[in-house]
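These notes are about the structure you will find just below.
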Amino acid sequence: MISERNQFMVDVSGTGYAPNDRWSPIVVPRASILAEIERLASEPRPANGRRAALVVHPQATRPGLGFSPGIDVTINVLKPGEETVPVRRNSNQLEIVIGGTGVVHAGEREFGVETNDIWNVPAMQTYSYRNTGKELWPRLSYSNAPLLEKLGAHFFEENPAPVVIDTEIATTTQQKNKYARENAPDFAVTPEGARLRGYEFLVDIEVLESKAIHWPWKAVWPHLRSSGNPDARRIMLLYNPATERRNGTTHSFFATLAGKEPNREPGPLGRGHRHSSVAINYYFLGSGGKSVVDGVTYEWGVGDLMLSAPSWAEHAHYVSASPVGNTTLTVQDHPLHIAMESLIWQEEMDGPILTLGSQAGVTGYVGPRRKGK
């Protein structure tokens, strides 16, 4: 007798894996961003001070509305003298000022920021913002909240109580020695490295300091201007040492700034590259250009925001000549993929597919600095 099929089972015998539902590239024009800033500023002040609008991709679905899968981009605005209430959440974020000035409180740090300044806010560190200038203070904020919302794991609270951490594991030396991580069970199982470890290793993880870091534009800009070769383009990572080998700006994202000399024409059209991390570009200095993504050309201008490289899409960017040079902020979920061992990268489309972080990467790659690609 054949039993009734279990409702929880889906037979996938002999099949591969589900195909990716890749999101399309999309360009949000500068005019739309500026219009939304003005609209937000015209509304009554919310009780928590947060004037904000998500930039949502047409393919995004709830929970986890984002500009790309797993990443949201939010337009935030504060009017002169306004401030937000303190907030704490387990998502991490990256911010860039697109006008005005203000003061950031994040964890134990406080610092002033101005146009083009970038900073990170670590997870679970209370943060707030205050407009200290005489103009609107708009900024773009990137976070991994959509991914956490998909997982049902996004924590958020306003006006949190101060965090008090008791550094003593127990009240007596005897208890501390008995239950501390350094005295927990830890047994070798196989010569290849398999081990068994006690519960203390799960709940008493070694601490690596994570703090808000500020990259002032005035200090960053000189390093983006190429030296010695006017054809070269520099791509520089805004590195946060807390991310270690994952080379991040936050624990989820890296942010890079690509700079190009004034009046340099784009290089010839050619094949691009691809990677499993997505890329979001904000073109904030220059005159515009175009991107070719999976054979389709997208035009963009200064001040535009673009989902420029959906996961595993072949892409190449061509920046038009500008009398002031060009600068692009690129945000990718590169560190997240390294942590998941899922960062695959194909620098040349006829070359190997590499798992960056788990095997030797694109060694000796100096093309952007030498050839101006």
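Could you tell me which residue of segment 198-248 is surrounded by the most Cβ atoms within 10 Å (Cβ to Cβ), considering only residues that are modelled with pLDDT of 95 or more, of a type in the set (K, R) and not in a loop (DSSP other than H, G, I, E, B)?
R246
Looking only at residues in segment 87-99 that are in contact with a strand residue (DSSP E or B) (Cβ under 6 Å, 6 or more places away or on another chain) and within 25 Å of L151 (Cα to Cα), which one is surrounded by the most Cβ atoms within 10 Å (Cβ to Cβ)? I'd like the intermediate steps shown before the answer.
Taking segment 87-99 and keeping what is in contact with a strand residue (DSSP E or B) (Cβ under 6 Å, 6 or more places away or on another chain), we get 87-89, 91, 93-99.
Adding the requirement that they be within 25 Å of L151 (Cα to Cα) leaves 87-89, 91, 93-95.
Numbers: V87: 19, R88: 18, R89: 21, S91: 21, Q93: 22, L94: 26, E95: 24.
So the residue we want is L94.
Of all the strands (runs of 3 or more DSSP E) wholly in segment 265-343, which have at least 3 residues that are crowded, with 16+ Cβ neighbours inside 10 Å and hydrophobic (A, V, I, L, M, F, W, C)? Write out each step before concluding.
Values: elements: 279-285, 289-293, 296-300, 305-309, 315-319, 326-332.
Hits in segment 265-343: 279-285, 305-309.
Looking only at segment 249-264, filter to residues that are of a type in the set (A, V, I, L, M, F, W, C) and not in a loop (DSSP other than H, G, I, E, B); which one of those is surrounded by the fewest Cβ atoms within 10 Å (Cβ to Cβ)?
Taking segment 249-264 first, the residues of a type in the set (A, V, I, L, M, F, W, C) are 253-255, 257-258.
Imposing the further condition that a residue be not in a loop (DSSP other than H, G, I, E, B) reduces the set to 254-255, 257-258.
Numbers: F254: 25, A255: 26, L257: 24, A258: 19.
In this case the residue turns out to be A258.
V121 is checked against (1) surrounded by 18 or more Cβ atoms within 10 Å (Cβ to Cβ); (2) within 26 Å of Y298 (Cα to Cα) and fails just one. What number does that condition carry?
(2)
Any residue in segment 6-29 that is surrounded by 14 or more Cβ atoms within 10 Å (Cβ to Cβ) and closer than 23 Å to L151 by Cβ?
Quick first cut of segment 6-29, residues surrounded by 14 or more Cβ atoms within 10 Å (Cβ to Cβ) only: 22-29.
Narrowing the set further to residues that are closer than 23 Å to L151 by Cβ leaves 22-23.
Yes, segment 6-29 has at least one match.
The values are calculated or read from the model by the stated rules, or taken from the named source; none is laboratory data. The structure displayed is predicted, hence computed values, not measured ones. Counting neighbours? That spans all protein chains shown, and the Cβs are built from the backbone with ideal geometry, glycine included.
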